[in-house]
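Since the structure comes first, as structure tokens, the remarks are kept for the end.
Bear in mind these aren't lab numbers, they're just calculated from the coordinates by the rules spelled out. On a predicted model such as this, the values are computed, not experimentally measured, just so you know. Positions of Cβ are backbone-derived with ideal geometry, glycine not excepted, and every protein chain shown enters the neighbour counts.
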Amino acid sequence: MPKITIDGKEVECRSGTNVLQAALEAGWDIPHYCYHPGLSVVASCRLCLMEMQMPHPKTGEMGWAPKLFPACQTPVRDGMVVRFDSETVRAARDHCMEYFLLNHPLDCPVCDQAGECYLQDYSYKFGEPISRMVDQKLVNPKKDVGPKTLLYSDRCVMCSRCVRFTKEVAGTGELCITNRGNRSEIDVFPGIPLDNALQGNVVDICPVGALLDKDFLFKQRVWFLQSAPSICPGCSTGCAIRIDTNDNIVYRLKPRYNPGVNDWWMCDEGRFGWKYVHDADRLTTAKVRRGADVSAPLWEDLGGIVSYRFEQHVARKGSAGVFCVLSPMMSCEEAWLLISFMQKIAPEVTPLVGHVPVSGEDQAFPISAAGKDVKFSIRNEKCPNRRGVEMVITASGCPTIGFDEFVEKAGKDEVSAAWIVGGYPDRDWAPKDLTKAAGKIELLVVQDTFENKLTADAAVVLPSCAFVERGGCFVNAQGRIQPFLTAIRPPDGCRRDGQYLYELAGYEGVYNAARVRELMAATMSPFGDLADAPAKPAHQH
Amino acid sequence: MADYEPILLRNVGIENSTALKTYESRGGYRALRKALKMTPQEVQAEVKAANLRGRGGAGFPAGVKWGFLPRDRKITYLCVNGDESEPPTFSNRVLLEQDPHQLIEGTIISGYATQTRIAYIYMRVEFHEQFHVLQRAIDEVYEAGYLGKDILRSGYSLECYIHRGAGAYVCGEETGLLESLEGKRGWPRIKPPFPAVEGLFHKPTVVNNVETLCNVPHIIERGAEWFTGIGPEGSSGPKLFCVSGPVQRPGCFEGPMTITCRQLIEDDAYARGMLDGKQVKAVMPGGISMGILTADELDMKMDFADPANYGLLGLGTAAAVVIDTETDIRDVLANVTRFFSHESCGQCTQCREGTGWMYRIARRIADGAGRIEDLDILVEVASNMGMMPGLSICGLSDGVAYPIRTIVEKFRNEFEEHIRRQSPNRALNVLATMN
């Protein structure tokens, strides 16, 4: 590990990195726009300039070189000495900050980025309160660059991150730069809008308010938002995300840095795939059907009712025909609690992984690289936790079958009782054969987010919360166990799946995913090694 | 300097000078035959010994540049920089349209010295006639066997292509040129890596100016010693100078780098003095981007070293634009700033925003609405840009800083007088209508 000296302090840094990254990781706040660790280095914003010690060309004596160097472009070398706190560096930075605001409209009061804008932050920290520019400002136009994105080029600082993103990560290259000098603008090619599966990331990496998300536009001032770390349930990639909410309403999802999984990015499918969370017709209460009579029991009574029904059923028919269909949308903890309950009440229960939604093929990015140097993947398995549920089933020691086999058995009347978990964003997820056979299952418990054909035939219907309302962990396609936290409360009257399953499994008190993982660790050691939860997400730049 | 016999321009003005026959009849392609009998290392050593400094503006020795190529390279590209876009400069143009074979011979010899298989001549798009002249010459040369496979049965092969630019000044910067040649936006690259290590299509590349390569055949033919005998030490060899403005004979001239700026304007061999009734007020002696000389500073030598003593960036393209006393210095400044704000590529903040800001200030001063503090802002902004202090990627902004700073500093009295003579509220009123 090379050691470098920054502003007189010795810092150990990763080899192969650059001075800017090393300084940022060591806690320095070095202003920068064009540098992004996930993109190529262009060293064009000239904000991260520093002084560096070099041997004198004649005497060989070490001294400060007479010019400045961009820290982002300078690789670290063991023993190198740099400084950011000198008068020269400050003067260069001051000028740069003044230039960024020369033609900027200063429309922060109506700008979505205000509050998380690096032009604002750096201006407060490094800039001057007064501009010496008295002439007319140049006004670059506002443009609609794609179905989901707006570009206010008057706010742009020309860092070119977005252009590099579409070229280097998405591989689609829709964005380009037109014109020269201070009339330069980001633009799209005529007739080709910015419309690729990763395009939302350009809004995230825009350090200012130039690229805007139409979906979030004018919805919230960002300082009202609270963030919770979560995992995207959109596919088995398991991108680390941040859920931004205010007053129990989700406003947007943003990616969280997660090396080796999603790095800095997420796809649009995940980014905008949460809207069902606030649908008015979600299931919020439990329902118990006795003949034609449907009642909504108190949550306190529910455990007793469900246990009683299963006990009676097993007493009558034995537990061989009892099945437990665990949805790959469930967290590992929920799956484990449900199996624990079912095993207790029906010792011969057959747990199985439920419907795994698959759509098309895996997509690898950059798409132009044809599968080489993959920087991001969208998986065709549109659920977050098939592997996690499989792990739990294997650890339970119960024999298991495939979902198709289960549907077949149900059609052949071989399923006498079943607990089926749904929870998919698509409310009509259940295959036709299953909904047809559902009526033949004597005791059917369905746990789902929306009413559908299955819940219509169920003896007991339990509401399943959306991922933003739950906490636990998912196991992604690479086998990584990734914890996520609750972002908002469930709708009024609704209880979290984890909570009622916790009680059914015989535990008392408030459901706590970390506590459940401790219990799970007895048979599944990887879950014991997991940190409690991801740290509060830092707003990354 | 009447006894100076032109070398680079020796074929200029003679009948049918662009034809291969004419060129050959005057000793053309003899140097190539000689070079092909030498080893590439010998050719390179000869050019290095001649201390042939780059004629494009920066003055970096060509032989040293070739020496930076990695030894274990497999592919080398040679790019000829014919993107001559510096404002009062037209020396490459003369070479291209009057004597294309001299450049082609220089290109082939340099290609041989650097073991290049493919040479690209990057030509500014405004050179229409010159493009056709050069293309015809290249076709002729292919037919004669000086280009293509196994040149003159030496075993050495070279393909040569002309690539035309799209009208950007910054594509004359060598890495901007490479980007443009690759079909991308002409944004100069960050260095290192330098083109000699990673240039065109990520392969070792040499970029040389047209005039530089035109010197190469003469060095090979007559030897490095002859070459260093012309002109002062450190600035050896023949040099083309351009003179424009209200002089008796504007044009492109050749001479040793011992002459002064005054000689260039007044000597009979060159511009032959000012037009009747005109007086020199200032000269921009190296294109516009090197800075300005006052009428008192005309004894500056037109070599690589002396301009620095007068606060200039360098010799540049050695194209002097003469400004007479009837020209308003405010218009000069406005024109210079307009050019650079139009040509800044827009990559680095200081250059992108600084040039635009300075143009708006200069325009306002020229419109009679300047303020004294504007002059300080101009100097401050101009002093805070450039590659040399590490503030930008390429040298374009050094070339912005020097003229603007020297114009304002050397003619500050005149600016102040204009501003004082403005009606007192003019600046305020103009600004009020703007905002």
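Overall, the protein assembly as shown carries a charge dipole of about 900 debye about its Cα centre when +1 sits on the Cβ of Lys and Arg and -1 on the Cβ of Asp and Glu, all other atoms neutral. Both radii come from the Cα set of region B:53-140: Rg as radius of gyration, Rh as Kirkwood radius; their ratio Rg/Rh reads 0.98. Each listed q (0.10, 0.12, 0.14, 0.19 Å⁻¹) maps to a log10 I(q)/I(0) for region A:1-160 from the Debye sum over equal C-alpha point scatterers, namely -0.45, -0.62, -0.80, -1.23. Calculated FRET efficiency, A:LYS58 and B:ASP299, Cβ-Cβ r, R0 22 Å, to nearest 0.05? It comes out at approximately 0.10.
For chain A, a crude dipole built from +1 on the beta carbon of Lys and Arg and -1 on the beta carbon of Asp and Glu, taken about the Cα centre, is about 600 debye to the nearest 20. Between B:VAL64 and B:ASP276, the simple label model (points 7 Å from Cα in the Cβ direction) yields a spacing of 5.0 nm.
Per residue of peptide A:96-102, the mean number of Cβ atoms on other chains within 10 Å of the residue Cβ is 5. Fraction of C-alpha pairs exceeding 40 angstrom in chain B: 19 percent, rounded to a whole number. Rounded to whole Å, the principal axis extents of the Cα atoms in region A:208-273 read 32, 28, 19, largest first. Enclosing the Cα atoms of region A:128-286 in their convex hull gives a volume equal to 163 cubic angstrom per residue.
The aspartates and glutamates within cross-link reach of B:LYS149, meaning a Cα-to-Cα straight distance under 16 Å and a gap of 8 or more places when in the same chain, are B:GLU105, B:ASP139, B:GLU140, B:GLU159. Projecting the Cα atoms of B:ILE292, B:TYR4, B:SER392 onto the charge dipole of chain B (Cβ charges, centred on the Cα centre) puts B:SER392 farthest toward the positive pole.
Here's the picture: a label point sits 7 Å out from the Cα of A:ASP94 along the beta-carbon direction, and within region B:379-399 the residues with their amide nitrogen under 17 Å of it are B:379-385. For region A:207-318, the Kirkwood hydrodynamic radius from C-alpha pairs, put into Stokes-Einstein at 37 °C and a viscosity of 0.692 mPa s, yields a diffusion coefficient of 184 µm² per second.
With the largest listed first and rounded to whole Å, the semi-axes of the equivalent ellipsoid of region A:374-473 from the Cα gyration tensor are 25, 18, 14. Within the listed set B:GLY63, B:GLY155, B:GLY314, the residue fluctuating most in the Gaussian network model of chain B (springs between alpha-carbon atoms under 10 angstrom) is B:GLY155. The order of B:VAL141, A:VAL261, going from fewest to most other C-beta atoms within 10 Å of their C-beta, is A:VAL261, B:VAL141. Distance between the pseudo-spin-label points of B:ARG136 and A:GLU300 (7 Å out from Cα toward the beta carbon): 10.4 nm. Restriction of the trypsin sites (Lys or Arg not before Pro) in region B:44-137 to DSSP coil positions whose beta-carbon has at most 16 other beta-carbons within 10 angstrom yields B:ARG71, B:ARG73, B:LYS74, B:ARG117.
In region A:98-192, Rg over Rh equals 0.98, where Rg is the alpha-carbon radius of gyration and Rh the Kirkwood radius from pairwise Cα distances. For region A:419-486, applying the loop criterion from DSSP together with a ceiling of 10 other beta carbons within 10 Å to the chymotrypsin sites (Phe, Trp or Tyr not before Pro) yields no site. Restricting region B:67-120 to chymotrypsin sites (Phe, Trp or Tyr not before Pro) that sit in a DSSP loop and have at most 15 other Cβ atoms within 10 Å of their own Cβ leaves B:PHE68. Within the protein assembly as shown, antiparallel bridges make up roughly 60 percent of the DSSP beta bridges whose residues both belong there.
Direction-averaged projected area, Cα convex hull, region A:358-431: 7.3 nm², rounded to one decimal. Net charge near A:VAL41, counting Lys/Arg +1 and Asp/Glu -1 over other residues with Cβ under 13 Å of its Cβ? With Lys, Arg at +1 and Asp, Glu at -1, the net is +4. Restricting the calculation to Cα atoms, the protein assembly as shown shows an Rg/Rh of 1.12 when the hydrodynamic-style radius is the Kirkwood one.
Across the options A:PHE376, A:GLY472, A:VAL261, the greatest Cα extent toward the positive end of the charge dipole of chain A (unit charges at beta carbon of Lys, Arg, Asp, Glu) belongs to A:PHE376.
Straight-line reach from A:LYS453: taking Cα to Cα under 25 Å and skipping same-chain neighbours fewer than 8 places apart, the lysines in range are A:LYS275, A:LYS287, A:LYS382, A:LYS409, A:LYS412, A:LYS432, A:LYS436, A:LYS440.
Listing B:CYS261, A:CYS108 from fewest to most neighbouring C-beta atoms within 10 Å gives A:CYS108, B:CYS261.
Using the Cβ-Cβ distance between A:ILE367 and A:ASP529 with R0 = 45 Å, the FRET efficiency computed as 1/(1 + (r/R0)^6) comes to roughly 0.80. The stretch between B:SER423 and B:THR258, if pulled fully straight at 0.36 nm per residue, gains 54.6 nm over its current Cα-Cα span. Remark: mean inter-chain Cβ contacts per residue of A:178-187 equal 6, using a 10 Å Cβ-Cβ cutoff to other protein chain atoms.
With a simple spin-label model that places each label point 7 Å from the Cα along the Cα-to-Cβ direction, the separation between A:ILE192 and A:TYR507 comes to 5.3 nm. For region B:151-249, the Cα-based Rg and Dmax, in that order, read 17.6, 52 Å.
Ordered from longest to shortest, the equivalent ellipsoid semi-axes for chain A are 53, 25, 20 Å, each the square root of 5 times a Cα gyration tensor eigenvalue.
What you get for region B:58-109, charging only the Cβ of Lys and Arg (+1) and of Asp and Glu (-1), is a dipole of about 400 debye around the Cα centre.
Within the straight-line cut-off of under 30 Å between alpha carbons, the lysines reachable from B:LYS301 are A:LYS58, A:LYS67, B:LYS48, B:LYS65, B:LYS239, B:LYS278, B:LYS281, B:LYS410, sequence neighbours fewer than 8 places apart in one chain being disregarded.
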